[in-house]
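Q: Below are the structure tokens for one structure; questions will follow.
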Amino acid sequence: MVKRIKIVLLLLVLFSISADATWWNTDWHYRMKITVNNATVHQTAKLNVDFAAEGLNGNLDENSIRLVKEDDSTLVAKQEFTDNIYNNATDDLDNGKGEIKFILEDSGTVNYYLYYDVETKAALSDSYVINGNFEHSNGSVPTDWTTGDVDIGDNAPNNEVHPLEGEGDTVTVKDSTVANTSHTGEAFHLHGYRDNDESGAKQEQIYIEKEFSVPASGVGTVDYWLRVQSFDDFNYDYFVVTINGEIIDHTKLSISNSAIEVTSEKYGRSETYSDTLVDSDWTKASLDLTDYAGTNITFRITHHLGTDDSYRSWELIDDLEWSVNTELVLGEQEEPPTAILSISKSSCVLSDLINGETQPKRIPGATIRYVVELNNTGELAADDVVLTDTISSEFDDTSIQNLQIVDGACDCLGASSASNNGANGTGNGVNPVKLDFDTILAGTTTSPTQKCGYLEVKLQ
Ligand SMILES: [Ca+2]
Ligand SMILES: [Ca+2]
Ligand SMILES: [Ca+2]
């Protein structure tokens, strides 16, 4: 009599997916490739990204953004995402778009990867930011800039990032209402004497400087936005730009603003000093960097004050950038590769008590071999694969034995009995059975990576 067997398939596969070289970090769920054309090392790559428009569902976590080199493993050393700037204008926070900037580390036509997520990630450390726009400052301290002063008297000058806590869009100085807003974004730098009178009878200097490397070619310009707010004129209080300590020719800064007088040596308020504030509004300075190609420079803006006790002057600075490369092409949003496992289970009769191994039948006491084949057709390896199967009551589960895992496809009748189940698997006579497949490497649809699990059990 052949007993009809019901096979209970309660297959539970537990596994984790391991990363490989095609995805920088599988904790991140999205990326886009950025191709940079005509790149030169040390240029500033700049592009605006609207993540929702690129297909992101959900709220972008601004802290998750990472620029990774083409090797898909190295973080770009200088990179930032500025949420409140988009297309060179102030943009809302937390709206899934903003400006990407990073310093190029390769020349030619090169790829980078922009990784991002909707899940919360830790922010990159301050050491990565460029902060020409002051949006990445640490409170009032302009991160990645250096500030200093010379021959300062008793009264403290301004030399910090604004707006400070509690400051509004305007402040009152000497009965004048004065704009206190950035060029773009929220933050700007202010140096000079705004909040205090000058110290008197000194040659005070208050500076801010930034060091950077000028590319060897594709040099372009260094640009910054400035706003002179001053009661004192050019002959007493003025601004001097130096590179590596040498005064530049200021007429080459291309400053075009009727409130500002520029000579080769300096710039400042054009109108003579008075009790009426002159505010130049935001104006752009731009200097060709060709003379500094391939060198590291220190770019310093110093406010000199022939100090008095009442005619204050100060300057706002924002949005410094240099050697900008905008020849960036954004690829499509990609999601990480995964392991794709498929399972098939079958059985064969090895022997029975009457016929032995010759044409054995599924009768009580027969030894049945079960085989479970796992195929990985995905681009990632599956790690720690453990398959759990409950042997039904038609079987004598105390007879479970010969659990083994073999590379390749299953061969139910051809395999030899053996035991090699892994450390996370079960032993003889244990039900449910756990087969420890360990790692199943990445495969393809046409050439899957296969492993076969075997076990033997007797019918009741
Ligand atoms: Ca934004
Ligand atoms: Ca700013
Ligand atoms: Ca003055």
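No value in this document is a laboratory result; all are computed from the given coordinates. Owing to the predicted nature of the structure, the values given are computational and were not obtained by experimental measurement. Glycine gets a Cβ as well: all are built from the backbone with ideal geometry, and neighbour counts include every protein chain shown.
Q: Determine the sum of side-chain charges near residue 284: Lys and Arg each +1, Asp and Glu each -1, restricted to other residues whose C-beta is under 13 angstrom from that of residue 284.
A: With Lys, Arg at +1 and Asp, Glu at -1, the neighbours total -4.
Q: Where the Cα atoms of the range 30-130 are projected onto their three principal axes, how long is each span, largest first, in whole Å?
A: 34, 29, 28
Q: Any idea what log10 I(q)/I(0) is at q = 0.13, 0.19, 0.22 Å⁻¹ for the range 280-423, Debye with uniform C-alpha scatterers and no solvent?
A: Log-scaled intensity ratios, in q order: -0.84, -1.26, -1.47.
Q: Rg over Rh of the range 85-155, using C-alpha atoms and the Kirkwood radius, what does it come to?
A: Reported Rg/Rh, Kirkwood definition of Rh: 1.07.
Q: Taking a cut-off of 21 Å between Cα atoms, list the lysines near residue 33, but don't count ones fewer than 8 places away on the same chain.
A: 46, 69, 78, 97, 101, 121
Q: Taking the alpha-carbon centroid of each part, what is the distance from the range 138-180 to the range 259-336 in angstrom?
A: One Cα centre to the other: 16 Å.
Q: Any chance you could tell me what percent of the C-alpha pair distances in the range 346-423 go past 22 Å?
A: 33 percent
Q: Follow-up. Give me the net charge for the shell around residue 62: Cβ to Cβ below 9 angstrom, other residues only, Lys and Arg +1, Asp and Glu -1.
A: -3
Q: Now for a separate question. Where the Cα atoms of the range 146-320 are projected onto their three principal axes, how long is each span, largest first, in whole Å?
A: 50, 34, 30
Q: Taking the Cα centre of the range 33-99 as origin, work out the dipole magnitude from +1 charges on Lys and Arg Cβ and -1 charges on Asp and Glu Cβ, in debye rounded to 20.
A: Taking the Cα centre of the range 33-99 as origin, the dipole is about 320 debye.
Q: Divide the volume of the convex hull of the Cα atoms of the range 371-460 by its number of residues and quote the answer in cubic angstrom per residue.
A: It is 89 Å³ per residue.
Q: Test of understanding: ordering 71, 319, 438 by Cβ neighbours within 10 Å, fewest first, what list do you get?
A: Least to most surrounded, the residues fall as 71, 438, 319.
Q: Taking the Cβ of residue 227 as the center, what net charge do the other residues with Cβ under 12 Å away carry, scoring Lys and Arg +1 and Asp and Glu -1?
A: Net local charge, residue 227 excluded: -2.
Q: May I pose another question? Please state the equivalent ellipsoid semi-axes for the chain: what are the square roots of 5 times the Cα gyration tensor eigenvalues, largest first, in whole Å?
A: For the chain, the ellipsoid semi-axes come out as 74, 21, 16 Å.
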